[in-house]
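These notes concern the structure reproduced below.
The values are calculated or read from the model by the stated rules, or taken from the named source; none is laboratory data. It should be emphasised that the depicted structure is a prediction, and the values quoted were computed from it without experimental measurement. Because the Cβ atoms are built from the backbone with ideal geometry, glycine has one as well, and the counts that use them run over all protein chains shown.
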Amino acid sequence: MRRQFIQTCAQQALLSSTFAASWLAAPQACAAQYSVTSPLIVKFSHVVAEDTPKGKAALFFKTRLESLSRGLIRVEVYPNSQLYRDREELEALQLGAVQILAPSLAKFAPLGVREFEIFDLPFLFDDAAQMHAVTSGDIGKSLLKKLESRGIKGLAYWDNGFKQMSANKPLRLPDDLRGLKMRIQPSRVLDAQMRAVGATPQVTAFSEVYQTLQTGLADGTENPASNFWTQRLHEVQKYLTLSDHGYLGYAVIVNRKFWEGLDRDIRLIMQQAMDDATRFANEIARKENDEALLKIKAAGKTQVLSLSANERAAWRLSMMRVHQLFTSSQDRDLIRAIYGQTGFRYP
């Protein structure tokens, strides 16, 4: 009866996949009279706050999956590095200590899948639509496939948004970064990006960014506005420049053995919940960043700087050498494929 129940729920999940009308509605066929004494526990760990786009999407996934499964599956969400920090979470997933993560795309390079660092190239995407054209197509799927040899199954890409530069001095032109220590994620692309404008890159775990900036171990950083606000970086950074110079997105991943060990019908339900959560995540990312920017301005502790067309062009030009460096590497075919998808042109 349990297997029949799962199959019925899975079939109903497909029938109820219309996002706007059905995400909270449990499938009618999954009646409440089926009791579940030992639900499948799925641990979802991430490093950002609950009120960020990723944090809200993780909670949406929890609600949707528990609704679709009618108690067969229970999702435990652990935000804000409660379980693991940046450097620890991927190892924890590979060992099976957690089942789902949503790390930023740069985090896969230390696993040996350096192709994901392509997403860190500055000014690669003009907007989220260009990003989605890559991630939802053959390029995005082929990149997720490369994770499987590391014991990881990729399920989706989630947006966060475009990154802004912050420091305790105004950053209007690239030369303003010269000599500053700038916090980055571990990424050879981000390292090259900061060096291209004369800054010294400083790798720091996301959970330690506030303290790093507060104590002066780093002078500035880059983040979407939602992360800047929820991590209270406006308390320790005097200026935020709306540079939109880079894109920050996530890949939602599961432990491969865990995934392949699930009944096919449970995988079907989980994938439906993930598809719905992905649409939700990508729809709210811009809204959350816009609202966070208003909160930063209202707090009055950080001056928000907008760039003129000429200033933005100077930033873009100064960082193009990073593209040149990587188009001459083994990743050149991948980069050119992305250029072809987005219509990217050098300045």
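On inspection, F228 qualifies as crowded, with 24+ Cβ neighbours inside 10 Å and in contact (Cβ under 8 Å) with a residue 24 or more places away in the chain. Note on segment 72-101: among residues that are part of a loop (DSSP other than H, G, I, E, B) and surrounded by fewer than 16 Cβ atoms within 10 Å (Cβ to Cβ), the one that is nearest to the chain's Cα centre (by Cα) is R85. With T52, T63 as the choices, which residue is within 14 Å of A281 (Cα to Cα) and free of Cβ contacts under 8 Å to residues at least 60 places away in the same chain? Unique residue meeting the criteria: T63. If you check A102, A106 for being modelled with pLDDT under 95 and not basic (K, R), only one passes: A106. Summed over segment 255-274, the residues that are over 19 Å from the mean Cα position of the chain (by Cα), within 15 Å of I100 (Cα to Cα) and not in a helix (DSSP H, G or I) give a count of 2.
Taking the listed residues A314, A298, the one that is among the hydrophobic types (A, V, I, L, M, F, W, C) and more than 30 Å from A58 (Cα to Cα) is A314, with no other qualifying.
Being in a strand (DSSP E or B), in contact (Cβ under 8 Å) with a residue 12 or more places away in the chain and either in contact with a helix residue (DSSP H, G or I) (Cβ under 9 Å, 6 or more places away or on another chain) or farther than 17 Å from I296 by Cα (or both) is not true of L190. Condition test on R178, is it of a type in the set (K, R) and out of contact with any helix residue (DSSP H, G or I) (no Cβ under 9 Å at 6 or more places or on another chain)? Spelling it out, R178 is indeed of a type in the set (K, R) and out of contact with any helix residue (DSSP H, G or I) (no Cβ under 9 Å at 6 or more places or on another chain). Exactly one residue out of T212, T221 is under 25 Å from K54 (Cα atoms) and crowded, with 21+ Cβ neighbours inside 10 Å: that is T221. Here A277, A313, A281 are screened, and the one residue that is part of a helix (DSSP H, G or I), over 21 Å from the mean Cα position of the chain (by Cα) and among the aliphatic types (A, V, I, L, M) is A313. Among the residues here, L105 qualifies as in contact (Cβ under 8 Å) with a residue 60 or more places away in the chain, closer than 23 Å to R183 by Cα, crowded, with 18+ Cβ neighbours inside 10 Å and in contact with a Gly (Cβ under 6 Å, 6 or more places away or on another chain). Among the residues of segment 233-247, are any among the small types (G, A, S), assigned to a strand (DSSP E or B) and modelled with pLDDT under 95? Scanning segment 233-247 turns up no residue that is among the small types (G, A, S), assigned to a strand (DSSP E or B) and modelled with pLDDT under 95. Each residue in segment 231-271 was checked for being closer than 28 Å to F125 by Cβ, polar (S, T, N, Q) and crowded, with 21+ Cβ neighbours inside 10 Å, and 4 of them qualify. Evaluating V134 against the criteria (1) at pLDDT below 90; (2) in contact with a Gly (Cβ under 8 Å, 6 or more places away or on another chain) leaves one unmet condition, (1).
Can you tell me which residue in segment 83-93 is modelled with the lowest pLDDT, limited to those that are more than 21 Å from F61 (Cα to Cα) and out of contact with any helix residue (DSSP H, G or I) (no Cβ under 6 Å at 6 or more places or on another chain)? This residue is R87.
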